[in-house]
2 protein chains.
Amino acid sequence: MATNQEEVSLIGAVGSPFVCRIQIALKLKGIEYKFVQEDLANKSDLLLKYNPVHKKVPVFVHNEKPISESLVIIEYIDETWKQNPILPSDPYKKALARFWSKVIDDKIAAPFFRAVFAVNDEKAREKNIEESSEALHFLENELKEKFFGGEEIDFVDIAAVFIAFWIPLVQEVAGFELFTPEKFPKLYNWSQEFLNHSIVKELVPPREPLFVYFKAKYDSLVSASI
Amino acid sequence: MATNQEEVSLIGAVGSPFVCRIQIALKLKGIEYKFVQEDLANKSDLLLKYNPVHKKVPVFVHNEKPISESLVIIEYIDETWKQNPILPSDPYKKALARFWSKVIDDKIAAPFFRAVFAVNDEKAREKNIEESSEALHFLENELKEKFFGGEEIDFVDIAAVFIAFWIPLVQEVAGFELFTPEKFPKLYNWSQEFLNHSIVKELVPPREPLFVYFKAKYDSLVSASI
């Protein structure tokens, strides 16, 4: 638990999967913190000062020291507050957790976003959905227990909140099917368990307002591309 | 030092910056290992079995357990063999080392490769060189001492072997200037110190044969795109 002397804050935005990862990690650890809402359409001087390289949320600030990149932040949180470990302690299991979390970002989320933004390039959309789908199949085969962390959620589960909550929402907005119960039965069951986890269900944003917000953004992207 | 019971091998290819990172890390630790040369034009069953997701080198194999992704491998090596630490022990300094190493891969190396491959798209080439250059400027400002690790090389220095050796070589092949002593005086001085480090200078590949090899590959890429 953060002591009274410590200042812990999270610069974030509601609706960001990468911010949600940090919220889950902090809740698992029982760390109290201040949530600083960022307006991504009009970025604050604080965000630009603390994350000049990416100019993105989340930025985690511990006693005035800023850290960016969600997976880097989670490792810092796990090393700073030891209760309820998020990464495995065994070096090989830890390496695998880092590897699969990186796969989620680089081989699942990145091509997924490229597919969403390829609004008038069907070929590019298909290619990127295929890339994301292939990596999802590898991840599906990694799932051996209730969670990636076994009986408890760990680093890979937290990274995969993107798959459990954001992919189903955004693929519906963009009108394609990547992640379905038929194609990925084990991952789909995992996603239901994960979203019903007592900590996670409090922290994922309400679906309907976010759907309306993303749909409006997507429709304006389509209009602009015609 | 690896004991006689341990089997340590590195599946790699001469000329890969990501493989060279692992070679430097293993040499710093004093770990003996078997180098398994991979033919990237005709990938081995072993590589495809051990790294089915990326099908790329390096793959590090410790007692038959494979690990991929160069930065993940270095963290595993550092956690498994404690002598001559590569990452800082302080959690905040460790987070910064992870952050900057990720910047090198995502914001310097990735756009650099996109610039190289944009052989007949001058606009795309310029955009990517600009992105890489902007991140190099941020990294230049991070350099406060002889090495990123202070008096000794550490995680960020090892990640940045890509900048010290590969960028100067490949930008000459592709005929553009990104990393020069005039534009990045501190990083350039660092690169000279780093390449003259007793361990590093033995492990970077001989420049001339690699230049000839990359030039032939690049020329065939240009021919194919006309």
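Measure off, as a whole percent, the carbon and sulfur share of the 1.4 Å-probe accessible area of chain B, all protein chains present. That share works out to 53 percent.
How much mean residue ellipticity at 222 nm does chain A get from its helices, if each DSSP H run of length 4 or more adds -39500 (n - 2.57) and you divide by all residues, to the nearest 500 deg cm²/dmol?
Working: 11 runs with 121 residues, N = 226.
Computed mean residue ellipticity for chain A: -16000 deg cm²/dmol.
For chain A, compute Rh as the Kirkwood radius over C-alpha pairs and then the Stokes-Einstein diffusion coefficient at 20 °C and 1.002 mPa s; write the answer in µm²/s, rounded to an integer. Kindly include the intermediate steps, with their values, before the conclusion.
On the way: Rh = 18.4 Å.
Estimated via Stokes-Einstein, D reaches 116 µm²/s.
Across the copies of the chain, residue A:183 has label points (7 Å from Cα along Cα→Cβ) spaced 4.0 nm apart, shortest distance listed first.
Using only the Cα atoms of region B:101-180, build the gyration tensor, take square roots of its eigenvalues as a ≥ b ≥ c, and label the shape rounded, prolate or oblate: rounded if a/c is under 1.5, else prolate if a/b is larger than b/c, else oblate. Since a/c reaches 1.5 and a/b is larger than b/c, the shape of region B:101-180 is classed as prolate.
Which whole number gives the average, over all residues in B:104-113, of C-beta atoms from other chains lying within 10 Å of the residue C-beta? Mind showing how you got there, number by number?
Values: counts 0, 1, 6, 2, 0, 0, 1, 0, 0, 0.
Rounded to a whole number, the mean comes out at 1.
The lysines within cross-link reach of residue B:217, meaning a Cα-to-Cα straight distance under 19 Å and a gap of 8 or more places when in the same chain, are B:43, B:56. For residue B:44, nonlocal amide neighbours, meaning residues 5 or more places apart or on other chains whose placed amide H falls under 5 Å from its own, are B:39. Taking the empirical scaling 2.2 N^0.38 Å for compact globular proteins as reference, the protein assembly as shown has a Cα radius of gyration ratio of 0.99. Across region B:1-110, the mean sequence separation of Cα contacts (distance under 8 Å, 6 or more residues apart), normalised by length, yields a relative contact order of 28 percent.
Across peptide B:93-103, what mean number of C-beta atoms from other chains lies inside 10 Å of a residue's C-beta?
Averaged over the peptide's residues, the number is 5.
Note that region B:60-71 has calculated 3J(HN,Hα) couplings of 9, 10, 10, 6, 6, 9, x, 9, 10, 6, 4, 6 Hz, one per residue in order, obtained from phi through the Karplus relation 6.51 cos²θ - 1.76 cosθ + 1.60 (θ = phi - 60°); glycine and proline are x. When DSSP beta bridges are restricted to pairs lying wholly in region A:1-101, around 65% turn out antiparallel.
The GNM of chain A, with springs linking C-alpha atoms under 10 angstrom apart, assigns the highest mean-square fluctuation among A:30, A:149, A:15 to A:30.
Given contacts defined as C-alpha pairs under 8 Å and at least six residues apart, what's the relative contact order of region B:158-226, whole-number percent?
Values: 34 pairs, mean separation 23.9, N = 69.
Relative contact order, region B:158-226: 35 percent.
Across region A:85-90, computed HN-Hα scalar couplings (Karplus, 6.51 cos²θ - 1.76 cosθ + 1.60, θ = phi - 60°) run x, 9, 9, x, 8, 5 Hz from first to last residue, x flagging Gly and Pro. Separation of region A:37-97 from region B:107-161 is 22 Å, based on Cα centroids. For residue A:36, the residues whose amide H sits under 5 Å from its own are A:10, A:11, A:12, ignoring neighbours fewer than 5 places away on the same chain, with H placed 1.01 Å from N.
Could you tell me which of rounded, prolate or oblate describes region B:1-114, using a ≥ b ≥ c as the square roots of the eigenvalues of the alpha-carbon gyration tensor, with rounded for a/c under 1.5 and, failing that, prolate when a/b is larger than b/c and oblate otherwise? List each step's numbers first, then the result.
Details: a/c = 2.03, a/b = 1.09, b/c = 1.87.
Oblate shape, in that a/c is at least 1.5 and b/c is the bigger or equal ratio.
Region B:91-225: D in µm²/s via Stokes-Einstein (Kirkwood Rh, Cα pairs, 10 °C, 1.306 mPa s)?
Details: Rh = 15.6 Å.
So the translational diffusion coefficient is about 102 µm²/s.
Could you tally the net charge around residue A:223, taking each other residue with its Cβ under 13 Å from the Cβ of residue A:223, Lys/Arg +1 and Asp/Glu -1? For residues surrounding residue A:223, the net value is +1.
Working note: Karplus 6.51/-1.76/1.60 with θ = phi - 60° gives region B:208-216 the couplings 4, x, 5, 4, 4, 5, 5, 5, 5 Hz, where Gly and Pro are set to x.
Hey, got the average number of other protein chain Cβ atoms within 10 angstrom for residues in B:135-145? Show your work: numbers first, answer last.
Working: counts 2, 0, 1, 2, 1, 0, 1, 0, 0, 0, 0.
Mean inter-chain Cβ contacts per residue within 10 Å come to 1.
With contacts taken as Cα pairs under 8 Å at a separation of at least 6 residues, chain A carries a relative contact order of 19 percent.
The values are calculated or read from the model by the stated rules, or taken from the named source; none is laboratory data. Given the structure is predicted, the values throughout are model-derived calculations rather than measurements. So basically every Cβ, Gly included, is an ideal-geometry build from the backbone, and we count neighbours across all protein chains shown. Side chains included, ligands, DNA and RNA excluded: accessible areas come from the protein's heavy atoms. Shrake-Rupley method; radii C 1.70, N 1.55, O 1.52, S 1.80 Å.
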